[in-house]
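Here's the structure we're looking at; comments come further down.
The values are calculated or read from the model by the stated rules, or taken from the named source; none is laboratory data. Bear in mind the structure is a predicted one, so any value in this text is a computation, not a measurement. FYI the Cβ positions are ideal-geometry reconstructions off the backbone, even for glycines, and counts take in every protein chain you see.
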Amino acid sequence: MNTNKVHLKENGINTELYTRLYLVRHGELVTSSEWRYVGQMDVDLNDTGKNQFKKLANRLKIEGIDKLLSSDLKRTVESAEIIGNEIGIANEPVSAFREINLGIWEGLTIDEIAERSPDDLKRRSDDIENFRVKQGESFSDVNIRVIPKLKEYISAYKGQRLLLVAHGGVNRIIIADALGLSVNNIVRFEQDYACLNIIDYYENGPVVRLLNQNSVTG
């Protein structure tokens, strides 16, 4: 384990202690070519997704990660274990970091949803923060379960380096919180498969250092 505390360096002098979060989205899925809303369904990585994480693992093995976390869904656990095997750290799956529950939409394509419930699609577009799919969650619900749990880990591992493998929706919630944006603004930035984000958490607030770095192109 890397026991060095992480500090901001100015003119070679260590100043403020902070916790660094490496925030990653899982790799490409076997359903990705169909663009299905998978939500909390368990879906496998495809070969491209596995290769994306092998490359990302190679990128991250020099970072001195102290703690490896993921959602407890299959695609994030599988992605995290590829990295964990490379850096020699066991993954801790956490249910609070699951993707949004999309209820009756899970497993459907956008065209199927548009055909069955076009009015709901518009309502979701107009208020993505509060719209809740039948039998599912809103992104406000996701925010309420994700951010407090993340802050628990940030506090528990103060001054260390955490890696969290999560989902497009969850990542956007975390980044929006770090930037002080409302949840309705999560559609304003992208999260590619196997992308890397870096957020440093200081006592007086977070700083986003890297956003949506593609594991293939850099």
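I'm checking my understanding of the structure. Among residues of segment 82-102 that are under 14 Å from the mean Cα position of the chain (by Cα) and not in a loop (DSSP other than H, G, I, E, B), which one is surrounded by the fewest Cβ atoms within 10 Å (Cβ to Cβ)? Write out each step before concluding.
To start, the set of residues in segment 82-102 that are under 14 Å from the mean Cα position of the chain (by Cα) comprises 93-100.
Those left that are additionally not in a loop (DSSP other than H, G, I, E, B): 93-97.
Values: P93: 17, V94: 19, S95: 11, A96: 18, F97: 26.
Among residues in segment 82-102 that are under 14 Å from the mean Cα position of the chain (by Cα) and not in a loop (DSSP other than H, G, I, E, B), the one surrounded by the fewest Cβ atoms within 10 Å (Cβ to Cβ) is S95.
Using the structure shown, decide if I62 is of a type in the set (V, I, T) and under 21 Å from I175 (Cβ atoms). So that I can check it myself, show each step before the final result.
Values: of a type in the set (V, I, T): yes; under 21 Å from I175 (Cβ atoms): no.
No.
Give the residue that is farthest from I147 (Cα to Cα), with candidates limited to residues of segment 106-122 that are in a helix (DSSP H, G or I) and not acidic (D, E).
Step one: filter segment 106-122 for residues in a helix (DSSP H, G or I), giving 110-116, 118-122.
With the extra rule that they be not acidic (D, E), the set shrinks to 110, 113-114, 116, 118, 121-122.
Details: I110: 28, I113: 29, A114: 31, R116: 33, P118: 31, L121: 26, K122: 27 Å.
Ranking the candidates gives R116 first.
Name the one entry in L56, L21, L69 that is surrounded by 15 or more Cβ atoms within 10 Å (Cβ to Cβ), within 21 Å of N171 (Cα to Cα), at pLDDT 95 or above and in contact with a Lys or Arg (Cβ under 9 Å, 6 or more places away or on another chain).
Working: L56 fails: in contact with a Lys or Arg (Cβ under 9 Å, 6 or more places away or on another chain); L69 fails: in contact with a Lys or Arg (Cβ under 9 Å, 6 or more places away or on another chain).
One residue alone meets the criteria, L21.
Only residues that are farther than 18 Å from R161 by Cα and in a loop (DSSP other than H, G, I, E, B): list them for segment 182-203, please.
Restricting attention to segment 182-203, the residues satisfying the condition of being farther than 18 Å from R161 by Cα are 182-194.
S182, F189, E190, Q191, D192, Y193, A194, listed by residue number.
When the residues of segment 157-172 are narrowed to those that are in contact (Cβ under 8 Å) with a residue 60 or more places away in the chain and assigned to a helix (DSSP H, G or I), which ends up surrounded by the fewest Cβ atoms within 10 Å (Cβ to Cβ)? First the steps, then the outcome.
First, pick out the residues of segment 157-172 that are in contact (Cβ under 8 Å) with a residue 60 or more places away in the chain: 157-171.
Of the ones still in play, those that are also assigned to a helix (DSSP H, G or I) are 168-171.
Working: G168: 17, G169: 21, V170: 27, N171: 26.
That would be G168.
Table: residues versus (1) within 24 Å of V30 (Cβ to Cβ); (2) touching a strand residue (DSSP E or B) at 6+ places or on another chain (Cβ under 6 Å); (3) of a type outside the set (K, R); (4) not in a helix (DSSP H, G or I).
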position	(1), (2), (3), (4)
I62	no, no, yes, yes
S70	yes, yes, yes, yes
A80	yes, yes, yes, no
I104	yes, no, yes, no
R124	no, no, no, no
N130	no, no, yes, yes
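Go through D177, D141 for me and flag whichever is surrounded by 17 or more Cβ atoms within 10 Å (Cβ to Cβ) and of a type in the set (D, E).
Details: D141 fails: surrounded by 17 or more Cβ atoms within 10 Å (Cβ to Cβ).
The unique qualifying residue is D177.
Against the definition (within 16 Å of the chain's Cα centre (by Cα), of a type in the set (K, R) and under 24 Å from L68 (Cβ atoms)), how does R161 come out, yes or no? Spell out how you get there, then give the answer.
Values: within 16 Å of the chain's Cα centre (by Cα): yes; of a type in the set (K, R): yes; under 24 Å from L68 (Cβ atoms): yes.
It is true that R161 is within 16 Å of the chain's Cα centre (by Cα), of a type in the set (K, R) and under 24 Å from L68 (Cβ atoms).
Residues K50, K9: which one is of a type in the set (D, E, K, R) and either surrounded by 14 or more Cβ atoms within 10 Å (Cβ to Cβ) or at pLDDT 95 or above (or both)?
Working: K9 fails: either surrounded by 14 or more Cβ atoms within 10 Å (Cβ to Cβ) or at pLDDT 95 or above (or both).
Being of a type in the set (D, E, K, R) and either surrounded by 14 or more Cβ atoms within 10 Å (Cβ to Cβ) or at pLDDT 95 or above (or both) holds for just one of K50, K9, which is K50.
Take segment 190-218 and flag every residue that is at pLDDT below 95 and either within 20 Å of H26 (Cβ to Cβ) or surrounded by 15 or more Cβ atoms within 10 Å (Cβ to Cβ) (or both).
Hits for segment 190-218 are N214, S215, V216, T217, G218.
Look at E152 and say whether it is in contact with a strand residue (DSSP E or B) (Cβ under 7 Å, 6 or more places away or on another chain) and acidic (D, E). Steps first, please.
Working: in contact with a strand residue (DSSP E or B) (Cβ under 7 Å, 6 or more places away or on another chain): no; acidic (D, E): yes.
When the stated conditions are applied, E152 does not pass them.
Just to be sure I understand, how many residues within segment 103-116 are out of contact with any helix residue (DSSP H, G or I) (no Cβ under 7 Å at 6 or more places or on another chain), surrounded by 14 or more Cβ atoms within 10 Å (Cβ to Cβ) and either more than 17 Å from W35 (Cα to Cα) or among the aliphatic types (A, V, I, L, M) (or both)?
Within segment 103-116, residues that are out of contact with any helix residue (DSSP H, G or I) (no Cβ under 7 Å at 6 or more places or on another chain), surrounded by 14 or more Cβ atoms within 10 Å (Cβ to Cβ) and either more than 17 Å from W35 (Cα to Cα) or among the aliphatic types (A, V, I, L, M) (or both) number 2.
Among all residue pairs at least 6 apart or on different chains, which show Cβ distances below 8 Å where the first residue, located in segment 56-80, is touching a residue at least 24 places away in the same chain (Cβ under 8 Å) and the second is buried (at least 21 other Cβ atoms within 10 Å of the Cβ) and among the acidic types (D, E)?
Within 8 Å, the pairs are S71/E99; L73/E99.
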